[in-house]
Amino acid sequence: MSFLFAPQPQAVLPIDGLVNTYFPIHRVYGIARNYSNEKVVSKEKGSPILFQKPADAVIYAPEGETLQLAFPMSTENLQHEIELVVAIGKAGKNIPVEEAMQYVWGYAVGLDLNRRDLFINGHPWDAVKGFDESAPMSALKPISRVPDNEPMALWLYVNNEKRQEGSTGQMIFTVPEIISVLSSLYELKPGDLIMTGTPAGIGKIDRGDILEGGVQGVGVIKVKFGE
């Protein structure tokens, strides 16, 4: 097989605790407005709000280091969302809720970055959500090494000031429910990542800001934005 020009490198995330072993990224799905301070009754949930990011929007943020990122183009209202990321390890479609966790390979910490000033209600979110380096993530941790301690706490500090705090117990759609819904719309594949939503406290990022956040039992990421 020959190519007109060199293909772009495969987007990957490393595996926590393994050397030179990587998770190849297929698609990145996102769930919007998925946290509530009160548990929502199932029949009142409606349908989750879904979006996608390009696979190469994912950029690895090594734990214990500060990932340096350029401030994105075409925005003066960049916003942060700390999230639990679910990694899918096998293919499936029309997956029942009660079987959904069998498809989870592991978890990561993710930042869903948004160019909020480009948001126009009723229009596609591509420019808001899907820009370059819009999904910094930690290494993936296999599900077997994540404590079974639901709900998991999430937190985010900006310049050492707490901005976001919550737990996965506040999810309107749980991880199994998200997987089930997604698999009714797309055939999930090994390499898919799902960004599961963010707790309250979404806020603006300024040039020079340092963000540090994490998910209990999964990991921590630290990011600094260029001046």
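One table, with the values for the structure above:
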{"quantity": "Test: residue 71 is open to solvent by less than 40 Å² (accessible area, probe 1.4 Å), outside any strand (DSSP E or B), in contact with a Lys or Arg (Cβ under 9 Å, 6 or more places away or on another chain) and closer than 28 Å to residue 117 by Cβ", "calculated": "yes"}
{"quantity": "Residue match in the range 137-144 (condition: part of a strand (DSSP E or B), among the small types (Gly, Ala, Ser) and within 18 Å of the chain's Cα centre (by Cα))", "calculated": "no"}
{"quantity": "Condition check for residue 129: under 30 Å from residue 21 (Cβ atoms), surrounded by fewer than 21 Cβ atoms within 10 Å (Cβ to Cβ) and in contact (Cβ under 8 Å) with a residue 24 or more places away in the chain", "calculated": "no"}
{"quantity": "Entirely in the range 166-227, the strands (runs of 3 or more DSSP E) that have 2 or more residues that are surrounded by fewer than 19 Cβ atoms within 10 Å (Cβ to Cβ)", "calculated": "203-205, 210-215, 219-225"}
{"quantity": "Matching option when the condition is within 17 Å of residue 84 (Cβ to Cβ) and in contact with a Leu (Cβ under 7 Å, 6 or more places away or on another chain), among 152, 171, 101", "calculated": "152"}
{"quantity": "Which listed residue is of a type in the set (Ser, Thr, Tyr) and over 17 Å from residue 35 (Cβ atoms), from 167, 138", "calculated": "138"}
{"quantity": "Only listed residue being among the aliphatic types (A, V, I, L, M) and open to solvent by 80 Å² or more (accessible area, probe 1.4 Å), chosen from 97, 19, 109", "calculated": "19"}
{"quantity": "Residue selected from the range 137-165 under the condition hydrophobic (A, V, I, L, M, F, W, C) and touching a Ser or Thr at 6+ places or on another chain (Cβ under 7 Å), by the criterion surrounded by the fewest Cβ atoms within 10 Å (Cβ to Cβ)", "calculated": "153"}
{"quantity": "Criterion violated by residue 134 - all others in (1) out of contact with any Pro (no Cβ under 7 Å at 6 or more places or on another chain); (2) open to solvent by 10 Å² or more (accessible area, probe 1.4 Å); (3) not aliphatic (A, V, I, L, M) satisfied", "calculated": "(2)"}
{"quantity": "The one condition in (1) open to solvent by less than 40 Å² (accessible area, probe 1.4 Å); (2) over 28 Å from residue 170 (Cβ atoms); (3) assigned to a strand (DSSP E or B) that residue 62 fails to fulfil", "calculated": "(3)"}
{"quantity": "Residue in the range 25-83 that is modelled with the lowest pLDDT, counting only those that are under 19 Å from residue 11 (Cα atoms) and touching a Ser or Thr at 6+ places or on another chain (Cβ under 7 Å)", "calculated": "63"}
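The values are calculated or read from the model by the stated rules, or taken from the named source; none is laboratory data. The structure displayed is predicted, hence computed values, not measured ones. A quick note on method: Cβ atoms are made from the backbone with ideal geometry, for glycine too, and the neighbour counts reach across all protein chains shown. In case anyone asks, the SASA skips ligands and DNA or RNA and just uses the protein heavy atoms, side chains included. Shrake-Rupley method; radii C 1.70, N 1.55, O 1.52, S 1.80 Å.
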